[in-house]
Amino acid sequence: MGRGHPLRTISVGCPTGASEGGERPVAPCPSPRSTRATGRAGDVGGTQAPLYQLKAEFFKTLGHPVRIRVLELLSEREHAVAEMLAEVDIEAASLSQQLAGLRKANLVLTRREGSNVYYRLTSPEVAELLRVARSILSGVLQGQAELLADLRATGPAGPK
């Protein structure tokens, strides 16, 4: 192997502890895969996908406002589907579709208690990601507010 990047291994797979206490990811977990120095992980369409492509797919999963709202709710505590319906104010079929996307991405776990299905985050890191995103957005919006204030202060004809 040539000189350059040191070898590194990246594993892609199920969150640890997913099967404890009767809880399980609803979607099957992908089998673990590894990569060497190429920065590639996962097998997409029979070829190795670059890590940045897997990250893009991950962020696409987060690209719906209802999914973000559900993850915010689950960052607080476990919720039953009926509780989430009241909070997100959408049709049951739409919520079910969004929850399916989160299950497929292994971001949430389910458990059944009687006729109720409860959801929780697979990892506290999901909640941390939402906190970091909020912090970044706060900084962006603060910068935009300052720019708007500067524009208003200069008036339509520019500085005098």
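The values are calculated or read from the model by the stated rules, or taken from the named source; none is laboratory data. Treat the numbers as computed from the prediction; the structure is a model and nothing was measured. All Cβ positions, glycine included, derive from the backbone under ideal geometry; neighbour counts span all protein chains shown. Ligands, DNA and RNA are excluded from the accessible area calculation, which covers all protein heavy atoms including side chains. Shrake-Rupley method; radii C 1.70, N 1.55, O 1.52, S 1.80 Å.
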| request: Any chance you could count how many residues in the stretch 85-117 are of a type outside the set (Gly, Ala, Ser), touching an Asp or Glu at 6+ places or on another chain (Cβ under 9 Å) and under 20 Å from GLU57 (Cα atoms)? | output: 1
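Pick from the stretch 47-63 the residues that are hydrophobic (A, V, I, L, M, F, W, C) and modelled with pLDDT of 90 or more: which of them is least open to solvent (accessible area, probe 1.4 Å)?
Across the stretch 47-63, the extreme among qualifying residues is LEU62.
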| task | Pull up the stretch 110-147, narrow it to residues that are over 15 Å from the mean Cα position of the chain (by Cα) and of a type in the set (Asp, Glu), then point me to the one that is surrounded by the fewest Cβ atoms within 10 Å (Cβ to Cβ). | result | GLU113
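Is the stretch 139-155 home to any residue that is in contact with an Asp or Glu (Cβ under 9 Å, 6 or more places away or on another chain) and assigned to a helix (DSSP H, G or I)?
Residues of the stretch 139-155 in contact with an Asp or Glu (Cβ under 9 Å, 6 or more places away or on another chain): none.
Within the stretch 139-155, none of the residues are in contact with an Asp or Glu (Cβ under 9 Å, 6 or more places away or on another chain) and assigned to a helix (DSSP H, G or I).
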| Does LEU99 satisfy the condition of being open to solvent by 80 Å² or more (accessible area, probe 1.4 Å) and in a helix (DSSP H, G or I)? | no
| ASN106 fails exactly one of the following numbered conditions: (1) open to solvent by less than 50 Å² (accessible area, probe 1.4 Å); (2) touching a helix residue (DSSP H, G or I) at 6+ places or on another chain (Cβ under 9 Å). What is the number of that condition? | (2)
| Any idea how many residues of the stretch 102-120 are within 21 Å of LEU130 (Cβ to Cβ) and assigned to a strand (DSSP E or B)? | 6
| From the residues in the stretch 65-86 that are touching a residue at least 40 places away in the same chain (Cβ under 8 Å) and part of a helix (DSSP H, G or I), which one is most open to solvent (accessible area, probe 1.4 Å)? | GLU72
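Using the structure shown, decide if ARG131 is of a type in the set (Lys, Arg) and either at pLDDT 95 or above or assigned to a loop (DSSP other than H, G, I, E, B) (or both). So that I can check it myself, show each step before the final result.
Numbers: of a type in the set (Lys, Arg): yes; either at pLDDT 95 or above or assigned to a loop (DSSP other than H, G, I, E, B) (or both): yes.
So ARG131 passes the test.
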